[in-house]
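Participant: Structure provided below as structure tokens; questions to follow.
The values are calculated or read from the model by the stated rules, or taken from the named source; none is laboratory data. Predicted model only: the values in this text are computed from it and were never measured. Positions of Cβ are backbone-derived with ideal geometry, glycine not excepted, and every protein chain shown enters the neighbour counts.
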Amino acid sequence: MNFLLVYSMFCTIIIIVLFMQINHINNKLKVIGKLVDEVRSGNFNVRFHLLPTMNRHIAGTSRKLNELMVYLQEMNERRAFLEEERKKMISNISHDLRTPLTSVMGYLEEILSGSVKSEKEKMEYVKVTYQKSIRLHSLLESFFELSKIEAQDIKVELKEVELVSLAEECILSFYHDFTRENLKVEINLPRDPVVVLGDRKSLERILYNLFSNALRYGKDGGVIGLTMTESGDEVTLEVWDRGQGIRKQDMPYIFRRLYTGDRSRNTMHKGSGLGLTITRKLVELNQGSIEVSSIPFEKTTFRVVLRKFVRNN
Ligand SMILES: Nc1ncnc2c1ncn2[C@@H]1O[C@H](COP(=O)(O)OP(=O)(O)OP(=O)(O)O)[C@@H](O)[C@H]1O
Ligand SMILES: [Mg+2]
């Protein structure tokens, strides 16, 4: 009799404990349901409160869900940031494209309206229109190139590239510009071939962009230089000039898309501010790094570090 009583009490206690457990789990599932609703409505800032009295498994799951929330929140913030950047970029692009296009249309209208009488003046207008069209074309090309890189739509095949001859070829392609601007060129390259791991086309583009900048912004200094040095399994390329340089306050931004420094200083040789963005992305695709240092009218150096090619035997 006693045994039956104890047994039934024991069963009742078990049933009560089980019931409490199920109730507890039900409540937690309700909380999870509410949390999912919050997330669905775009609020990632909700978390489970972890209590010391919590069931071990529920606490573990809650912790994991909290981690997922943190991850989702970070992703959401990143997405919002990228969306903001995209909007800014589109607005900048439209502005940068509209400016030359408006002046091309303006000049052509003047010619067509017959208000430009002399042939000499007409020729001048056509010349300006042509220059503006070239600028428009190069802007579009740069935007296209950058968007291709960002969409990972370019083929970068890293293999052995001999860098000394590549650098020499690049300098040679600027020969006429350097002589036209009366620029001295100081070249310091290793005597022996230097083989890096890289993509030939993008390495050419990197050097081309850096030389274009040195020519455009550094010609006042009268000299442009290229130095290549080897150290361990790295190769360092330095493109330098002694021109007006980059002001301290511009330094953090020059690799940013569309950044052209103090625009008023650059109206004479205004670029689109995409060259260095493309350059940095290409350097990264070649598993290298790029940095800049500048002391105005003393030395402005763009330093690219690449990895040497190592043959795996
Ligand atoms: N060697 C340099 N000396 C001084 N300023 C420089 C030099 N190289 C770059 N800069 C500054 O950095 C800015 C960004 O350069 P970047 O090459 O990205 O654009 P850009 O030359 O203006 O246009 P583009 O897209 O045609 O290259 C330039 O506008 C210029 O102000
Ligand atoms: Mg440039």
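Participant: Restricting to segment 200-228, count the residues that are part of a strand (DSSP E or B) and either surrounded by fewer than 15 Cβ atoms within 10 Å (Cβ to Cβ) or within 15 Å of ligand 1 (Cβ to nearest atom) (or both).
Facilitator: 5
Participant: Moving on. Answer with yes or no whether residue 141 is more than 30 Å from residue 311 (Cα to Cα), assigned to a helix (DSSP H, G or I) and acidic (Asp, Glu).
Facilitator: Spelling it out, residue 141 is indeed more than 30 Å from residue 311 (Cα to Cα), assigned to a helix (DSSP H, G or I) and acidic (Asp, Glu).
Participant: Starting from segment 10-29, keep only residues that are surrounded by 11 or more Cβ atoms within 10 Å (Cβ to Cβ), then list their pairs with residues that are of a type in the set (Gly, Ala, Ser) and part of a helix (DSSP H, G or I) whose Cβ atoms are within a distance under 7 Å, requiring at least 6 positions of separation or different chains.
Facilitator: none
Participant: State which residue pairs qualify: first residue part of a loop (DSSP other than H, G, I, E, B) and surrounded by 10 or more Cβ atoms within 10 Å (Cβ to Cβ) and inside segment 40-52, second residue among the hydroxyl-bearing types (Ser, Thr, Tyr) and modelled with pLDDT of 80 or more in any location, beta carbons under 9 Å apart, and separation of 6 or more residues or different chains.
Facilitator: Here the result reads 47/62; 48/61; 48/62; 50/62, each pair linking segment 40-52 to a residue that is among the hydroxyl-bearing types (Ser, Thr, Tyr) and modelled with pLDDT of 80 or more.
Participant: Continuing with the same structure: Which numbered condition in (1) within 16 Å of ligand 2 (Cβ to nearest atom); (2) within 22 Å of the chain's Cα centre (by Cα); (3) surrounded by 18 or more Cβ atoms within 10 Å (Cβ to Cβ); (4) not in a loop (DSSP other than H, G, I, E, B) is the only one that residue 197 fails?
Facilitator: (1)
Participant: Here's something else I'd like to know. Please determine, by comparing only the residues of segment 245-275 that are polar (S, T, N, Q) and within 14 Å of ligand 2 (Cβ to nearest atom), which one is modelled with the lowest pLDDT.
Facilitator: The selected residue is 266.
Participant: Same structure again: Taking the condition of being surrounded by 12 or more Cβ atoms within 10 Å (Cβ to Cβ) and either on the phi > 0 side of the Ramachandran plot or touching a residue at least 40 places away in the same chain (Cβ under 8 Å) (or both), how many residues in segment 137-153 meet it?
Facilitator: Qualifying residue count for the region: 9.
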